[in-house]
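To start, the structure under review is shown below, and the notes come after it.
The values are calculated or read from the model by the stated rules, or taken from the named source; none is laboratory data. Just so it is clear, the structure is predicted and the values come from calculations on it, not from any experiment. For neighbour counting, all protein chains shown are included, and Cβ atoms are generated from backbone atoms with ideal geometry for every residue, glycine included. With ligands, DNA and RNA removed, areas are computed over all heavy atoms of the protein, side chains included. Shrake-Rupley method; radii C 1.70, N 1.55, O 1.52, S 1.80 Å.
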Amino acid sequence: MVLALWLVWLASVVLIKDGDFALALVMLTLLAGVIAGLDRFVFQKAREAFVSAGNVAVYITYFVKQEQDSLKNEFGGTLPIAENARSFFPVLLVVLVLRSFVVEPFQIPSASMVPSLEVGDYILVNKFNYGLRLPVTGTKLMEVGEPKRGDVMVFFPPGDSRYFIKRVVGLPGDKLQYINKKLYVNGKLMPQTLVAEVPPLQPVTQVIREQLGDVAHLIHHDKRIYRGDFETTVAPGHYFMMGDNRDNSSDSRVWGEVPEENIVGQAFAIWMHWRSFSELPSFDRVGRIR
């Protein structure tokens with residue numbers, strides 16, 4: 001049974017969705033808890049009864065105290081797998097609770113959120129701000145708060161099992177217009193200020209500071225790309241997401257609005273940058289996500 005459970009856990013790691021460790025962690029914690037519980041409340045009593053009764057108890061009396069303790073441990077000692085389970089279960093449970101309900105780490109895999117987030121950034125995601133949810137299933141247990149315009153949010157796009165991270169630009173009921181790379185929310189222009197054009201000699205990318213409600217953040221415009229304009233009204237219980245790298249982002253313009261039940265949490269900090277194993281980790285980008 002133990003071997004079968006380990007094989008199931010290993011399969012879950014191999015088949016895990018886009019690096020998400022939630023399912024594997026839940027299964028490992030459950031496995032350790034079942035083994036530790038069976039050993040503590042079932043098998044331990046059976047071992048103690050076996051050592052203290054019958055021929056074993058009589059046999060042990062022929063030896064000195066030190067040898068008796070050694071024999072008791074040999075005849076009725078805990079198996080290594082049970083010892084490991086009883087040691088690791090509390091640790092796994094704490095990690096599971098922290099990752100599921102408090103904070104969870106993620107890595108940025110694409111350049112869709114440049115310049116706010118770069119490929120290789122390791123970020124922390126608040127799992128509490130938008131309500132407590134069960135791990136794996138995402139079922140909400142308790143209302144806490146709702147996403148705000150300008151938040152950087154981790155979620156599952158409609159019809160996709162991979163994690164995405166984008167910025168909330170449209171709340172339920174908002175009327176959005178995107179005209180000539182400028183965003184209008186409920187008829188109001190979100191102000192943009194040109195910060196720089198790079199590279200200096202033959203500018204391709206515009207670095208722009210956008211005021212999205214109460215949030216000021218940087219975005220990129222690619223002067224070589226024009227993806228067209230759009231106008232939409234965000235459906236109730238849904239959110240319109242866009243990447244800060246506006247012309248190089250697969251977002252709600254491609255796969256639609258994000259339903260509330262697909263939300264994972266709010267990204268709030270960068271804690272490390274490590275692009276690949278061939279490079280050394282860097283902590284130059286540590287700080288809050290704007």
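Descriptive notes on the structure:
- If R0 is 45 Å, the Cβ-Cβ spacing of GLU83 and LEU134 corresponds to a FRET efficiency of close to 0.90.
- Cross-link check: pairs LYS175/LYS223; LYS166/LYS223; LYS148/LYS182; LYS188/LYS223; LYS127/LYS181 evaluated at a Cα-Cα cut-off of 28 Å; pairs beyond the cut-off: LYS127/LYS181.
- All other residues whose Cβ lies under 15 angstrom from that of LYS223 are scored, Lys and Arg at +1 and Asp and Glu at -1, for a net of +2.
- Three principal axis lengths of region 199-257 [C-alpha, angstrom, descending]: 46, 26, 16
- Potential lengthening between LYS188 and SER278 on full extension [0.36 nm per residue; Cα-Cα distance subtracted]: 27.8 nm
- Förster-model FRET efficiency, 45 Å R0, VAL34 and PHE230, C-beta, rounded to 0.05: 0.30
- Estimated FRET transfer efficiency (ALA269, LEU201; beta-carbon r; R0 35 Å; 0.05): 0.50
- Simple rule: put +1 on each Lys or Arg Cβ and -1 on each Asp or Glu Cβ in region 87-242, find the dipole, and look at PHE230, VAL119, VAL168; the Cα lying farthest toward the positive end is PHE230.
- Of the residues ASP284, ASP121, the one with the largest accessible area comes first in the ranking ASP284, ASP121, computed with a 1.4 Å probe on protein heavy atoms.
- Charge dipole of region 216-290 (Cα centre as origin; +1 on each Lys and Arg Cβ, -1 on each Asp and Glu Cβ, all else neutral): 360 debye, rounded to the nearest 20.
- Shape category assigned to region 230-290 from the gyration tensor of Cα positions, a/c cut at 1.5: prolate
- Accessible-area composition of region 182-290, carbon plus sulfur, in percent [1.4 Å probe]: 55 percent
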